[in-house]
Amino acid sequence: MSAFNQQALDQFGFCFDNSYSRLSNVLFTRANPKKFKNPSLVIFNRPLAISLGLNVDALTAANWACFSGQATPINAFPIAQAYAGHQFGGFNNLGDGRAILLGEHVAPNAERVDIQLKGSGPTPYSRSGDGLAGLGPMLREYLISDAMHALGVPTTRSLAVMLTGDVVYRAKPLSGAVLTRVAASHIRVGTFQYAAAIDDIKALKGLADYTVNRHYPALENHPQPYIGLLEAVIDVQALLIAKWMQFGFIHGVMNTDNVSIAGETIDYGPCAFLNAYSPKTVFSSIDKNGRYAFGNQPMMAEWNLTRFAESLLPLLADRQDEAIRIATECLSAYQTRYRAYWLSGMRKKIGLFNEEASDLALVEDLLMLMYKHQADYTNTFRNLGNSSQLKGTLIDDGSFKNWQIIWRERLLRQAQTMEDVVALMDSHNPLVIPRNHLVEDALDSAIQGDMEPFYDFLEVLSKPYQLPKNEKYLQGAGAGFDASYQTFCGT
Ligand code: AMP
Ligand code: MG
């Protein structure tokens, strides 16, 4: 690899400010990325770089170095963040064990984003881990986060994946890789839990003030900004989970350390999309009891938000009983919020512009039928009005035909034309999602050194509502694929 060229890198346009590292130093530790021997670029997200105001043409091959941690962009201040988390219900002190925050890039439009390296070597929080990541899991995060973005789901993004040139030892040896992650921030429910757990109220208050200022600045004039913060986080999480449910996304590891205070999907590990509709669907190899099964996600988000509320208690009121009363009242809004966001999204999926009291039952009846027939979630919604395109046993069920009759009558009780209905449905029901078998195929090829299938899939996923040239992107996997499909944390 050519020598690192600081001048060219500066022209790339990173504009670092490191406001997080001005918080209490209990919340982070300085950490430097590992120096890898022979890094090389695998993929770079030009559209994302351009949207961040970066000068993509100024970044020459000699300067990819900052995406593997070989070079530090000017004014970056690399740290590992401290956090705790309830992992499958059990509380642990964690922290960035395999990630390093380079700092915050402030884009020309004043948007502030974290630039983080994932898989860049050990940190003081690595415990027994090596701080490294394999190519497959990093490309998986790149692909799925990009797909989520194209679907309109709030998410962290992926700017680049580099091969480190080193081997990472897991069940089998893997090619080591580093992902550059872009996020609104990496403040998690677990970050608040950490400050509360060490009983450092000053750090907790500093973190809360910082979060309000960075993510919810309108709350600075709120008479009680910490109550406002709790309400705001409940709201963004309700919206986020509603979106996951609308697209059939299963996060897989909704531990409190994987819940972003900014409301983005974060920490893509064993995530996957549903094919056949069943609320019980679990793909993660470590989720033995189905805690994070598809249908449990709304409830688990509420559980996580309750942990967030608990960690805020010292800030909500002087007296603990009063603080608990306030937190409980805020949390009681979650279910209503979530249901409203979910139903609003589901109405669009079935072409409804206006609201009727019976809409919830209409949606639920459809889901029941899809469950009974193990119908493909994505394709059923997309082809709801077009029985000739619906596959499987659903179409032969008299109850489904009946449902279609009731639905068509319902569509007539609104002012919009059928053309409007189709346009609404087509813009809320994707044709293409990152189906498990296709993700695996693309990753398998990439690991063998052939990136073409990955690029091709990425391109198709960037336009999920358009008909792809290749029909294979529309199909579910063959029978039995999902029954044995397992996803892994990638640690
Ligand atoms: P995750 O399951 O990826 O959300 O990670 C849970 C915790 O384990 C976080 O604190 C990670 O930083 C840490 N962790 C995961 N993989 C590694 C690794 N290879 N080395 C060190 N820490 C890790
Ligand atoms: Mg995590």
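The figures follow:
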| quantity | calculated |
| --- | --- |
| Pair list, Cβ < 6 Å and 6+ apart or interchain, from region 79-93 residues that are over 19 Å from Trp303 (Cβ atoms) to residues that are open to solvent by 30 Å² or more (accessible area, probe 1.4 Å) and within 9 Å of ligand 1 (Cβ to nearest atom) | Ala80/Tyr125 |
| Considering residues of region 392-427 that are β-branched (Val, Ile, Thr) and at pLDDT below 95 only, the residue surrounded by the fewest Cβ atoms within 10 Å (Cβ to Cβ) | Thr393 |
| Residue in region 141-158 that is within 13 Å of ligand 2 (Cβ to nearest atom) and part of a strand (DSSP E or B) present | no |
| Near pairs, Cβ below 7 angstrom, 6+ apart or cross-chain, from region 328-340 (open to solvent by 70 Å² or more (accessible area, probe 1.4 Å)) to any residue that is assigned to a loop (DSSP other than H, G, I, E, B) and of a type in the set (Asp, Glu) | none |
| Residue match in region 216-232 (condition: closer than 30 Å to Arg140 by Cβ and open to solvent by less than 10 Å² (accessible area, probe 1.4 Å)) | no |
| Some residue of region 258-268 being within 16 Å of ligand 1 (Cβ to nearest atom) and in a helix (DSSP H, G or I) | yes |
| Subset of region 367-391 (residues that are open to solvent by less than 50 Å² (accessible area, probe 1.4 Å) and free of Cβ contacts under 8 Å to residues at least 40 places away in the same chain) | Leu369, His373, Asn383, Ser387, Leu390 |
| Every residue from region 95-106 that is open to solvent by 30 Å² or more (accessible area, probe 1.4 Å) and within 20 Å of Ser285 (Cβ to Cβ) | Arg98 |
| Single match in Thr164, Thr211, Thr191 (criterion: within 25 Å of Ala446 (Cα to Cα) and open to solvent by less than 10 Å² (accessible area, probe 1.4 Å)) | Thr164 |
| Failed criterion for Ala197 (all others in (1) open to solvent by less than 10 Å² (accessible area, probe 1.4 Å); (2) in contact with a strand residue (DSSP E or B) (Cβ under 9 Å, 6 or more places away or on another chain); (3) hydrophobic (A, V, I, L, M, F, W, C) hold) | (1) |
| Sole residue being open to solvent by 40 Å² or more (accessible area, probe 1.4 Å), in the same structural domain as Ala49 (by TED's automatic domain parsing) and within 13 Å of ligand 2 (Cβ to nearest atom), chosen from Asn109, Asn92 | Asn92 |
| Residue pairs meeting the criteria (Cβ under 6 Å; at least 6 apart or on separate chains; first touching a residue at least 60 places away in the same chain (Cβ under 8 Å), in region 432-454; second of a type outside the set (Asp, Glu) and part of a loop (DSSP other than H, G, I, E, B)) | Asn436/Tyr485 |
| Selection count, region 350-366, where residues are touching a residue at least 60 places away in the same chain (Cβ under 8 Å) and open to solvent by 10 Å² or more (accessible area, probe 1.4 Å) | 2 |
| Some residue of region 265-273 being of a type outside the set (Val, Ile, Thr), open to solvent by 20 Å² or more (accessible area, probe 1.4 Å), within 14 Å of the chain's Cα centre (by Cα) and within 16 Å of ligand 2 (Cβ to nearest atom) | yes |
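Residues checked against (1) within 16 Å of ligand 1 (Cβ to nearest atom); (2) farther than 27 Å from Leu204 by Cβ; (3) not assigned by TED's automatic domain parsing to the domain that holds Val212:
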{"position": "Met254", "(1), (2), (3)": "yes, no, no"}
{"position": "Ser278", "(1), (2), (3)": "no, yes, no"}
{"position": "Gly290", "(1), (2), (3)": "no, yes, no"}
{"position": "Phe294", "(1), (2), (3)": "no, yes, no"}
{"position": "Glu310", "(1), (2), (3)": "no, no, no"}
{"position": "Leu313", "(1), (2), (3)": "no, no, no"}
{"position": "Ala317", "(1), (2), (3)": "no, no, no"}
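The values are calculated or read from the model by the stated rules, or taken from the named source; none is laboratory data. Keep in mind that what you see is a predicted model, and the values were worked out from it rather than measured. We place every Cβ from the backbone using ideal geometry, glycine too, and count neighbours over all the protein chains shown. Note: areas computed on protein heavy atoms with side chains; ligands, DNA, RNA excluded. Shrake-Rupley method; radii C 1.70, N 1.55, O 1.52, S 1.80 Å.
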